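So the structure is just underneath, and the comments pick up after that.
The values are calculated or read from the model by the stated rules, or taken from the named source; none is laboratory data. The shown structure was predicted, so the numbers you read here are calculated from the model rather than taken from an experiment. Glycine also receives a Cβ, built like all others from the backbone with ideal geometry; neighbour counts cover every protein chain displayed.
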Amino acid sequence: MSQEEPRPEWLPVAIAAATRQATGEARHQWRVRAGTTPPFNYRLEHIKSVVAIARQLAEATGADQDVVLAAAWLHDVSKAFKEEWGDGHGRRGAVRAKSILRRTDFPSQKIDAVGEAISAHVGLFRDQPLELIEAAILFDADKLSKLGATSTIHFLCSYPATGQRDGAPADTASAVGDLAKWADLAPRIVASLSTEPGRRMGEERLAFLQGMIQQLSREGSVKDG
């Protein structure tokens with residue numbers, strides 16, 4: 001009687017899947033050919049930020065670490081290179097993530113929870129907090145990754161590619177204007193966070209963003225008209 005071959009460890013498999021998807025998106029964003037290292041891989045940096053935040057929130061809330069970590073790495077595994085309104089990458093990502101994890105040693109009884117978290121992470125705001133704590137953590141981590149100092153670095157590193165795609169200039173005035181618009185949305189994002197530790201982290205990151213916009217205004221980079 002032959003022994004069943006051991007299935008691969010799930011974390012390296014999840015990281016590899018996330019990296020492949022993110023790198024393909026980055027090459028598309030920067031318009032470089034396959035096999036070329038893009039100047040900046042925004043999606044991968046975003047995912048790493050989500051993973052780091054999700055770990056902190058899981059520790060603070062006692063959430064299931066396996067579910068949180070798998071959902072964080074795989075939450076954008078089916079993100080379209082050019083996302084359209086209502087594209088549904090959360091639902092697609094949940095299906096793909098569960099398929100990936102089933103081929104590994106990930107605990108089978110936790111796979112549905114990973115899918116539920118990924119399905120629910122889409123969007124900037126929620127009217128009601130998510131009930132599943134792991135889903136709430138992923139939602140919060142995804143939003144928090146778009147606020148604060150690290151997020152600002154991601155934005156500025158990606159800005160030349162974004163401007164090239166949209167046919168807009170990648171200059172100081174344009175970047176500051178987009179940051180100011182994002183700062184206007186940020187308070188509502190923070191108010192929509194589902195966990196108490198997430199909201200505390202959000203308030204800190206919001207203060208940084210608002211302070212940066214105020215400093216830019218003092219330097220004359222933000223114009224009133």
Search result, residues across the range 123-134 that are within 16 Å of Pro197 (Cα to Cα) and free of Cβ contacts under 8 Å to residues at least 60 places away in the same chain: Glu131, Leu132
Using the structure shown, decide if Lys79 is within 18 Å of Ala18 (Cα to Cα) and either acidic (Asp, Glu) or free of Cβ contacts under 8 Å to residues at least 24 places away in the same chain (or both). no
Looking for something at pLDDT 95 or above, aromatic (Phe, Trp, Tyr), surrounded by 23 or more Cβ atoms within 10 Å (Cβ to Cβ) and in a loop (DSSP other than H, G, I, E, B) - is there at least one such residue anywhere in the range 54-74? no
Give the range 175-206 a look and list any residue that's touching a helix residue (DSSP H, G or I) at 6+ places or on another chain (Cβ under 7 Å) and more than 21 Å from Leu57 (Cβ to Cβ), or say none. Ala175, Val176, Leu179, Ala180, Ala183
Are any residues in the range 193-212 at pLDDT 95 or above, within 19 Å of the chain's Cα centre (by Cα) and among the small types (Gly, Ala, Ser), and if so, which ones? Gly198, Gly202
Output yes when any residue across the range 78-100 is of a type in the set (Asp, Glu) and at pLDDT 95 or above, and no when none is. no
May I ask you to verify whether Ile111 is of a type outside the set (Phe, Trp, Tyr), farther than 12 Å from Thr195 by Cα and not in a loop (DSSP other than H, G, I, E, B)? yes
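The rows are residues; the columns are (1) under 30 Å from Thr23 (Cβ atoms); (2) at pLDDT 90 or above; (3) in contact with a Phe, Trp or Tyr (Cβ under 8 Å, 6 or more places away or on another chain).
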{"site": "Phe125", "(1), (2), (3)": "yes, no, no"}
{"site": "Ile133", "(1), (2), (3)": "no, yes, no"}
{"site": "Asp142", "(1), (2), (3)": "yes, yes, no"}
{"site": "Gly148", "(1), (2), (3)": "yes, yes, yes"}
{"site": "Gly163", "(1), (2), (3)": "yes, no, no"}
{"site": "Gly167", "(1), (2), (3)": "yes, no, no"}
{"site": "Pro187", "(1), (2), (3)": "no, yes, no"}
{"site": "Gln214", "(1), (2), (3)": "no, yes, no"}
{"site": "Asp224", "(1), (2), (3)": "no, no, no"}
Residue in the range 213-225 that is farthest from the chain's Cα centre (by Cα), counting only those that are surrounded by 14 or more Cβ atoms within 10 Å (Cβ to Cβ) and without any contact (Cβ under 8 Å) to a residue 40 or more places away in the chain: Ser217
Does the range 175-190 include one or more residues that are surrounded by 13 or more Cβ atoms within 10 Å (Cβ to Cβ), within 22 Å of Arg55 (Cα to Cα) and in contact (Cβ under 8 Å) with a residue 40 or more places away in the chain? yes
Can you report the number of residues in the range 117-152 which are within 14 Å of the chain's Cα centre (by Cα) and part of a helix (DSSP H, G or I)? 17
